[in-house]
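These notes are about the structure you will find just below.
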Amino acid sequence: MTIEKTPLEGCFLIKPKVFKDNRGLFFESYNQQVFQGKVGFAPNFVQDNQALSKYGSVRGLHLQKGEFAQAKLVRAIQGEILDVVVDVRPGSTTFGQVYCVVLSGENNYQLYIPRGFAHGYSTLSEKAIFAYKCDNFYAKHAESGIIYNDTTLAIDWGIPAAEMIISDKDKILPTFEAFKTTL
């Protein structure tokens, strides 16, 4: 597997070596020793989550704050998603910057997202199965986020606005400017 730095400090794109033959394919999706050898640390993942979304679904931008912050290792098992992260770590050299990457069941890429990032994704295919590992347990009271259509961040989700499916909860998240006042 190759592990590449993204433009955001501490965020890495992981590309597995895929072995294909007439039976199908095989790849190692995570190896703690390889990860640590390439980036210098190894997260202790404690929770796995999975979601099924249909085309046009936009989820995010979400994060947990304080002692409940989570690093994540995310991927699309089936279908295609546009994964979006925003560095919201005060003092970070990439604070407020956005990174987007297509993750799919075809490319098998994964994105390591450090603690202190807002995260979201849009479903580009008819449906997608999205899975991720977390290094901290979910805590409802620590939830936070930024509204998906924030004009400062100007994220292109790859979905026409009229076709976006947004949860009521995500429609009322604060703007990036309002979010910054909570840091």
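The values are calculated or read from the model by the stated rules, or taken from the named source; none is laboratory data. It should be emphasised that the depicted structure is a prediction, and the values quoted were computed from it without experimental measurement. Quick reminder, even Gly has a Cβ in these numbers, built from the backbone with ideal geometry, and neighbours come from all protein chains shown.
Brief remarks follow.
- Count of residues meeting criterion [more than 24 Å from Pro7 (Cα to Cα) and in a strand (DSSP E or B)] in region 49-98: 9
- Residues of region 86-111 that are among the hydrophobic types (A, V, I, L, M, F, W, C) and more than 20 Å from Ala139 (Cα to Cα): Val86, Phe95, Val98, Cys100, Val101, Val102, Leu103, Leu111.
- When the test is whether a residue is in contact with a helix residue (DSSP H, G or I) (Cβ under 9 Å, 6 or more places away or on another chain) and at pLDDT below 95, Gly60 passes it.
- With respect to (1) part of a helix (DSSP H, G or I); (2) under 12 Å from the mean Cα position of the chain (by Cα), the lone exception for Ala178 is condition (2).
- Residues that are assigned to a strand (DSSP E or B), farther than 17 Å from Asn136 by Cβ and touching a residue at least 60 places away in the same chain (Cβ under 8 Å), drawn from region 4-48: Phe12, Leu13, Ile14, Lys15
To keep it simple, each residue is scored yes or no on (1) among the acidic types (Asp, Glu); (2) crowded, with 19+ Cβ neighbours inside 10 Å; (3) farther than 23 Å from Lys17 by Cβ.
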residue	(1), (2), (3)
Glu67	yes, no, yes
Val74	no, yes, no
Glu80	yes, yes, no
Asp87	yes, yes, yes
Ala118	no, yes, yes
Asp156	yes, no, yes
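- For region 92-112, the set of residues classified as among the aliphatic types (A, V, I, L, M) and farther than 14 Å from Tyr30 by Cβ consists of Val98, Val101, Val102, Leu103, listed by residue number.
- Failed item in (1) free of Cβ contacts under 8 Å to residues at least 12 places away in the same chain; (2) of a type in the set (Lys, Arg); (3) within 30 Å of Asp168 (Cα to Cα), with Lys54 passing the rest: (1)
- If the condition is being over 12 Å from Lys72 (Cα atoms), buried (at least 16 other Cβ atoms within 10 Å of the Cβ) and not hydrophobic (A, V, I, L, M, F, W, C), then region 120-140 contributes Tyr121, Ser122, Thr123, Ser125.
- When residues of region 52-65 are limited to those that are farther than 22 Å from Phe137 by Cα and within 15 Å of the chain's Cα centre (by Cα), the one surrounded by the fewest Cβ atoms within 10 Å (Cβ to Cβ): Ser53
- When residues in region 121-164 are screened for being of a type in the set (Asp, Glu) and assigned to a loop (DSSP other than H, G, I, E, B), 4 of them pass.
- Which listed residue, of Ile81, Ile147, Ile166, Ile155, is of a type in the set (Val, Ile, Thr), closer than 23 Å to Lys54 by Cα and in contact with a helix residue (DSSP H, G or I) (Cβ under 9 Å, 6 or more places away or on another chain): Ile147
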